[in-house]
Amino acid sequence: WTYWWEYNRTAFLARRGEPVTGPRTGSDDFYLGVRSARVGDRDFAPSAADLEQRVLPALRAALESGSSRDVATACMIALAKVGRDHREFALFDLLAPRLASGYQEERETAALALGLAGIDGPRELGLLIALAADGDAGSIACGREHVDDRTRAFAAYGLGLMAQGSARLQTRFRIAAALCDLVGDPQTDRDVVVAAIHGLGLCRPTTARPGERALLDAALARLEQRFVGGGRATDAIAIAHCPTAIARLVGIEGDRAEHFRASFAGVLAGGVRPAHSAHDPARSAALALGALCGPTARDRSCVDVLSETVHAHRDHQTRYFAILALGQIGGADNRVTLLREFDRANVLERPWCALALGVLEHARFARCRAEGTSPEPDRLVGETLLAAHRDSRNPDLRAALAVALGLCRYTPAATALGEALRDSLHRPELAGYHCIGLALLRDPSALPILRAVLAESERRPELMRQAATALAHLGDSAAAVPLLELLQNGAPSVTRLAAIASALGVVGDRRAIGPLLEILADDGRPRLCAAFAAAALGGVCDKDDVPWNGRIAAGINYRAAVDTLVGAGCGILDIL
């Protein structure tokens, strides 16, 4: 469950400030995360002058210094997050030459950054398509006979990110056509196919224009063809990414949704099987149904299939994803089902049931707010979860229950979670999830203890990240101060620096720019310090309110992993 939460957390935790709404299953918000408002104390957002006069020139200088590969790759991603040309130089002219680097990490990062920057000019678009397709312009830019497969995959992810941010229908059409070709080519490397599938999933229409519908139809046809048609047995992992990409494209109210609901329910029920027998397609079908179905009579048959999957499927992970899907779908019937399953679940299933109840309640709160009503926490659900949290001695279950109680907004749990946080500080992972639970409750009385935990977590990087995330979710504008002190004064370690950089990006305070620029330019510090300072600058100055890789991670079947997606610290979901 912790993996699912970490990949999907952006849908529930605001990146900065007070969230406007909660996500609804099948909506853009579920996949893209809650957009955050620039509330009063967010006067600390970086200004255009900060970016033009300080940040962009400093990142350019660090990139061109040649001091280390770590600094170069961190600067490229940071420049792409800023996502704007300087009046004296263009991002393309900084990134494109890196494609010819002798180091694989630099080449693939440059390809990704070209798309992440969101500048969809003719040369940016043309080069990215050529890189993904291993075309002549791509191989020339890389200075090689062929574009290597990892660089092609990162370029395909970049194309999806560019399409999602582009308002130009022609741009989106060209990208969709290029990605469809990759998905449909049986000889294309598996990592490239997975990247192209996720890229297509980011091409969801933004308007009702006829051209957008044609784009959608082409993408869905190619993804369905790949999923149903199958291919080599080794394609099972790649094919497993099709259902969640389809669900992202269609949405819960799309006029093609009924067709795909029936198709994915058939996969789970065994009546419709793609041309392979691995479990990953069934896992993905369960996740896709969670995104495509609602608590209506129309979708009752799909809910029944998911319920049967929970009890009877031979694969544990498919059962866990089906439990979560029932929570995403929501509704009174699924509430009763999940409460019953929670009571009789074994030690492995219970955290999933708790998380599913939290997701269900979070969605109910969102619907009520959208309708203009003020919902009350569900007392039965809250008391059930709180009693289990009080009675359990299993750290994994207690962590899941802390997050679930927060998602339920069950405010009577605030005191218990605060006490549990103090008592669990010797278990950093458990304490971190208690921080998240307190933040999700939206209880400002939790600020003092969260600040204290952040200040005391210097040697516990994961707890530091969770505490900073919690403070950012509660809109604490002072959270950057202790993080900067830790970055400037502590002994550098990879895990510690990564946690601080990630936390500073979550907080997003322009007051961090000056100290970070000093660290970036300080040749007396280890270059790894400069790399993480660049990563933190990218987070602070990010043009988007939602982390870019969170847009890809949300809703995916992460168990169908390939190296360029996640794993061993070298996939796109591992990048700060």
- Item | the chain, dipole about Cα centre (Lys/Arg Cβ +1, Asp/Glu Cβ -1), debye to the nearest 20 | 700 debye
- For the stretch 104-147, what class follows from the C-alpha gyration tensor (a ≥ b ≥ c being the square roots of its eigenvalues): rounded when a/c is under 1.5, otherwise prolate if a/b is larger than b/c, else oblate? oblate
- Loop trypsin sites (Lys or Arg not before Pro), the stretch 393-496, which have at most 11 other Cβ atoms in a 10 Å radius of their Cβ (DSSP): ARG393
- Query: Using the beta-carbon distance between ALA137 and TYR103 and R0 = 35 Å, what value does 1/(1 + (r/R0)^6) give for FRET efficiency, to the nearest 0.05?
  - Reply: 0.95
- Query: Placing +1 at every Lys and Arg Cβ and -1 at every Asp and Glu Cβ, with all other atoms neutral, what dipole size does the stretch 321-444 have around its Cα centre, in debye to the nearest 20?
  - Reply: 80 debye
- Item | Reported label for calculated Rg and Dmax of the Cα atoms in Å given (i) 32.5, 111; (ii) 29.0, 94; (iii) 23.1, 66 | (iii)
- Using the heavy atoms of the protein chains alone and a 1.4 angstrom probe, what is the accessible area of the stretch 351-503 per residue in square angstrom? 38 Å²
- Label points 7 Å out from Cα along the Cβ direction at THR296 and ALA177: separation in nm? 3.6 nm
- Taking 157-169, 334-346 and ranking on average Cβ neighbours within 10 Å, highest first, one gets 157-169, 334-346
- Message: Can you give me the distance in nm between label points at ALA478 and ARG213, each placed 7 Å from the Cα along the Cα-to-Cβ direction?
- Response: 5.6 nm
- Summing -39500 (n - 2.57) over every DSSP H run of at least 4 in the chain, dividing by its residue total and rounding to the nearest 500, the 222 nm mean residue ellipticity is -19500 deg cm²/dmol
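The values are calculated or read from the model by the stated rules, or taken from the named source; none is laboratory data. Please read these numbers as outputs of a predicted model, since none were measured by experiment. Because the Cβ atoms are built from the backbone with ideal geometry, glycine has one as well, and the counts that use them run over all protein chains shown. Note: accessible area is taken over every heavy atom of the protein model, side chains too, but ligands, DNA and RNA are not part of it. Shrake-Rupley method; radii C 1.70, N 1.55, O 1.52, S 1.80 Å.
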